[in-house]
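Down below is the structure, laid out as structure tokens.
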Amino acid sequence: MAAANWNHDRLSQVLVERRPSLGLIHAIESARSYLQWIQHEDGHWCGELEGDTILESEYIIAMYFLGHKNQDRMRKAATYIRRKALPDGGWSIYPGGPPEVSASTKAYFVLKLLGDDPESLHMKKARSVIRNLGGLNAINSFSRIYLALFGQYPWNLCPSVPPELILFPKWFPFSIHEMSAWSRAIVIPLSIICSLKPSCRIPEECSIDELWTDDSREKNDNIELWAKFFSRVDRMLKFLEHVDALPLRQDAVKQCERWMLQHFEKSDGIGAIFPPIVNSLIALRSLGYQEDHPILQTQVQELEELGIEENDSLRLCPCYSPVWDTVLAATSLRESGCPADDLLLQKSVSWVLDHEVREIGDWKAKNPEGEPGGWYFEYANEFYPDIDDTFQVLIALSQIDFSDARKQKEKEDAIARAIRWLFTMQNKDGGWGSFDRGCDNQILTHVPFADHNAMIDPSTADITGRGLEALAALNYTKEHPVVRRAIAFLLRQQEEDGTWLGRWGCNYIYGTWLALRGLEKIGENMQARRFQKAAHWIRSIQNPDGGWGELPCSYEDPKSKGHGPSTPSQTAWALMGLMATGDYVSATVLRGIQYLLRNQTLDGSWEDDFWTGTGFPEVFYLKYHLYATYFPLMALSVYKKNQLSD
């Protein structure tokens, strides 16, 4: 195998240096073959989606709370957590990152819960790191609530998450429909938990009191006006709970339970994502659902299906990404030269069409005139079609045709429904968010349980840029009012140095690429100074190895903007951003292309050593395992189409 790798690397090097066009063609064909090889029999793709150890920690917390105290899979998850510990102690939330206090505290707790000796080296190191980071005083709201379940954090120091929120009318500023879709899915089950305050006894030796520091046990450093207001409301709610003076509490809990049960339908768990699934399990048990109840058993199964078991370890995915991976893989294959009527691509589009949303979801609350259409991210998530996926699906559908007239008509009808839905989902500022329209009430970012940094779902440059690309692919022009508003939004969002923030990918490289690509596809003059300024920024951050990289710390530290070890996916984004501005021939672009050619593996794929996906900025990051292959294939294909078109 070593010799085979050397031969492949040497062949790539020779082709890059002596016959660059042959090296390019070889790389594209290899990547194309790899993607075709890993396509599922029914036509879809689904790569692993990886998160940090909070997933394994919260899995153990949920399973222990449910009474699965000796389950083999819990021990395997603990093994995975131990292996992810940093050399100096604690756990980070992305590779290359520093230890993070909430992730480290939960990992320490579950390891102690499952029997790790607190005096073992990894536990002593973790304990020291956690205390240096502020200890239990410094952990986030959701972590406090999870620890309170086991008596390890006082309930009175946890933020109030009142179930009465569900009783507010849709137009009320603090209605559940003013929250982002993912927050709503997390918070409603959590409000049941916080109302009922269930308790799970654990052995005294599993206590983590040693993680308290000498500071006051109540952390209250919010100084902004709305933060102070909500802090007072929180104290008032705690008092009313204490004196049993919340007359609507019982009805509110019942309504939250009904909402939760409704959202189990036609979904792989609420929102088909890990956090609401965990919260709903704990909420169901708190409501009295027994272990043998079919609803509880089904939700346990949804959680278990997120696990990937390998030998003696278990890791959890935050969700699955089949629709997203399928349309991006199909788009990259089409870009690489696969014909529009390719049978494998037709198969992928058929699979996607079978997952179209045809029923009303949560989005209807803020978009009453909209009719169902679009697509979700996962295998089943009928209540939550998302705008980003839908735009990318439209890009793929626009490029792939059916020879069968009935299937072609089915595709065209689905496109028409999606466009109608998307047009009604455009925000007043001209951009698009992820799941809802008009979900941008900044006041909600100050509620005490908003420290997951994603309470709202405002317009973003990356989604709006992809939207322009999709509309251009369907022959919409700058004269269309929806397009005009979207362009105006992007121009307003551009930062002084020419960049755009990336909400769903890390970070400015991602946002800048998608904005530039969308603007170029829709027909903007990319030689304009403002767009060339963006190109100059991309060139300025190229690494010496020819690639590009940006670590998640750029969301917190402006000095980190655009900086990090090179990754294939971010290199592809940077290259496509430059090519969108008309740069196909600069030395910068050539070095980037050479970086991709040099780093392709023997099987035709690439590997990202650092994470490039964003869940919640500053809180949760992701590694999309297929990003490192379909984006480089896309970039190389765009380059080839321009350079070798003759």
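With respect to the conditions (1) in contact (Cβ under 8 Å) with a residue 12 or more places away in the chain; (2) farther than 19 Å from T213 by Cβ, S120 falls short on a single one, namely (1). Among the residues making up region 486-517, those that are in contact with a Ser or Thr (Cβ under 7 Å, 6 or more places away or on another chain) and among the hydroxyl-bearing types (S, T, Y) are T499, Y508, T512. Among the residues of region 334-379, those identified as closer than 25 Å to S459 by Cα, touching a residue at least 24 places away in the same chain (Cβ under 8 Å), in a loop (DSSP other than H, G, I, E, B) and hydrophobic (A, V, I, L, M, F, W, C) are V357, F377. Of the residues making up region 52-74, those that are buried (at least 22 other Cβ atoms within 10 Å of the Cβ) and touching a strand residue (DSSP E or B) at 6+ places or on another chain (Cβ under 6 Å) are L55, E56, Y59. The residue of region 283-306 that is nearest to M63 (Cα to Cα), among those that are in contact with a helix residue (DSSP H, G or I) (Cβ under 8 Å, 6 or more places away or on another chain) and not in a helix (DSSP H, G or I), is E291.
The set of residues from region 498-530 being among the hydroxyl-bearing types (S, T, Y) and closer than 17 Å to I487 by Cα comprises T499, T512. Selection of region 75-92 for residues being crowded, with 21+ Cβ neighbours inside 10 Å and out of contact with any strand residue (DSSP E or B) (no Cβ under 6 Å at 6 or more places or on another chain) yields A78, I81, A85, G90, W91. In the set (1) under 25 Å from P276 (Cβ atoms); (2) surrounded by fewer than 24 Cβ atoms within 10 Å (Cβ to Cβ), the condition left unmet by I487 is number (1).
In this structure, E56 qualifies as of a type outside the set (S, T, Y), touching a residue at least 12 places away in the same chain (Cβ under 8 Å) and out of contact with any Pro (no Cβ under 7 Å at 6 or more places or on another chain).
Scan region 41-84 for residues that are in a loop (DSSP other than H, G, I, E, B) and over 23 Å from the mean Cα position of the chain (by Cα) and the total you get is 8.
Of the residues that make up region 595-609, is at least one touching a Phe, Trp or Tyr at 6+ places or on another chain (Cβ under 9 Å) and under 30 Å from I139 (Cβ atoms)? Checked region 595-609: at least one residue is touching a Phe, Trp or Tyr at 6+ places or on another chain (Cβ under 9 Å) and under 30 Å from I139 (Cβ atoms).
Looking only at region 383-413, residues that are among the charged types (D, E, K, R), over 23 Å from K366 (Cβ atoms) and not in a helix (DSSP H, G or I) come to 2 in all.
In region 609-618 there is at least one residue that is within 21 Å of the chain's Cα centre (by Cα), polar (S, T, N, Q) and surrounded by 22 or more Cβ atoms within 10 Å (Cβ to Cβ).
The rows are residues; the columns are (1) more than 16 Å from F620 (Cβ to Cβ); (2) modelled with pLDDT under 95; (3) among the hydroxyl-bearing types (S, T, Y); (4) in a helix (DSSP H, G or I).
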position	(1), (2), (3), (4)
G89	yes, no, no, no
D117	yes, no, no, no
L136	yes, no, no, yes
Y146	no, no, yes, yes
G151	yes, no, no, no
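Beta carbons closer than 7 Å, at least 6 apart along the sequence or on distinct chains, pair a first residue in region 140-152 that is on the phi < 0 side of the Ramachandran plot with a second that is aromatic (F, W, Y) for S141/F449; R144/Y153; L147/F109; L147/Y153; A148/W155; L149/F65; Q152/F109.
Just so you know, in region 559-581 the residues that are of a type outside the set (K, R), out of contact with any Cys (no Cβ under 8 Å at 6 or more places or on another chain) and without any contact (Cβ under 8 Å) to a residue 60 or more places away in the chain include one that is surrounded by the fewest Cβ atoms within 10 Å (Cβ to Cβ), and it is H563.
Being part of a helix (DSSP H, G or I), of a type in the set (V, I, T) and at pLDDT below 95 is the requirement here; does I166 meet it? In short, yes. Screening S280 with (1) outside any helix (DSSP H, G or I); (2) in contact (Cβ under 8 Å) with a residue 40 or more places away in the chain; (3) within 30 Å of S195 (Cα to Cα); (4) of a type in the set (S, T, Y) gives one miss only, at (1).
Looking across region 354-398 at every residue that is surrounded by fewer than 18 Cβ atoms within 10 Å (Cβ to Cβ) and acidic (D, E), the one that is farthest from T424 (Cα to Cα) is identified as D354. Among the residues of region 479-537, those identified as free of Cβ contacts under 8 Å to residues at least 40 places away in the same chain, over 25 Å from L422 (Cβ atoms) and of a type in the set (D, E) are E495, E496.
L167 passes every criterion in (1) within 22 Å of M455 (Cβ to Cβ); (2) touching a Phe, Trp or Tyr at 6+ places or on another chain (Cβ under 8 Å) apart from (2). Quick one: in region 504-532, of everything that is farther than 25 Å from L596 by Cβ and not polar (S, T, N, Q), which residue is surrounded by the most Cβ atoms within 10 Å (Cβ to Cβ)? This residue is I522.
Within region 566-577, being in a helix (DSSP H, G or I) and touching a Ser or Thr at 6+ places or on another chain (Cβ under 7 Å) holds for S569, Q570, G577.
Pick out the one residue from Q399, Q442, Q426, Q408 that is under 30 Å from W155 (Cβ atoms), over 20 Å from the mean Cα position of the chain (by Cα) and not aromatic (F, W, Y).
Just one listed residue meets the conditions, Q442.
Check whether at least one residue in region 539-555 is farther than 29 Å from G96 by Cα and over 25 Å from the mean Cα position of the chain (by Cα), and report yes or no.
Scanning region 539-555 turns up no residue that is farther than 29 Å from G96 by Cα and over 25 Å from the mean Cα position of the chain (by Cα).
In region 451-472, how many residues are over 21 Å from W363 (Cα atoms), over 15 Å from the mean Cα position of the chain (by Cα) and part of a loop (DSSP other than H, G, I, E, B)? Residues in region 451-472 being over 21 Å from W363 (Cα atoms), over 15 Å from the mean Cα position of the chain (by Cα) and part of a loop (DSSP other than H, G, I, E, B): 1 in total. Among the residues of this structure, F435 does not count as one that is of a type outside the set (V, I, T), outside any loop (DSSP other than H, G, I, E, B) and either touching a Gly at 6+ places or on another chain (Cβ under 9 Å) or within 18 Å of G373 (Cα to Cα) (or both).
Please state which one of L622, L633 is touching a residue at least 40 places away in the same chain (Cβ under 8 Å), surrounded by 23 or more Cβ atoms within 10 Å (Cβ to Cβ) and either out of contact with any helix residue (DSSP H, G or I) (no Cβ under 7 Å at 6 or more places or on another chain) or in a loop (DSSP other than H, G, I, E, B) (or both).
Only one candidate passes the filter, namely L622.
Could you say whether any residue in region 597-604 is part of a loop (DSSP other than H, G, I, E, B), at pLDDT 95 or above and crowded, with 23+ Cβ neighbours inside 10 Å? Checked region 597-604: at least one residue is part of a loop (DSSP other than H, G, I, E, B), at pLDDT 95 or above and crowded, with 23+ Cβ neighbours inside 10 Å.
The values are calculated or read from the model by the stated rules, or taken from the named source; none is laboratory data. The structure displayed is predicted, hence computed values, not measured ones. For neighbour counting, all protein chains shown are included, and Cβ atoms are generated from backbone atoms with ideal geometry for every residue, glycine included.
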